[in-house]
Amino acid sequence: MGQVKITILGCEYTIETKEDEQRATEVASFLEKWCAEARNQRPGAPSLTILTLVALHLAHQYLKLKEDHEALLGQIDLRVKDTGRGHGYTQDLISGGPCGARD
């Protein structure tokens, strides 16, 4: 964990992170890219508006990906259940349960 300086919409922030500096910078660059795109679509909009629009968009994408992920896990569970291994097998694999033990 350490402190990393990042810049978003021209403002510099010092953040505490458990990730390495490269990952924190990568995340900031990702956010900055989305902010620049939003700013191009709404020139002159205040930074708070830009950040709010980006946050809403990214939250929407996250929730959609989460729903898609859960649906895929459900489909996998159904297929695994058809093989006779039982419900929850996929979750065991992901969590390192009896069938998916991790080192």
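A short reminder: the numbers here are calculations on the coordinates, not readings from a lab. Since the model is a prediction, treat every value here as computed from it, not as a measurement. Positions of Cβ are backbone-derived with ideal geometry, glycine not excepted, and every protein chain shown enters the neighbour counts.
Points to keep in mind about this one:
- Stokes-Einstein translational diffusion, the stretch 1-45 - Kirkwood Rh over all Cα pairs, 1.002 mPa s, 20 °C, in µm²/s: 191 µm²/s
- Calculated FRET efficiency for the pair Q61/E12, C-beta based, R₀ 25 Å, to 0.05: 0.40
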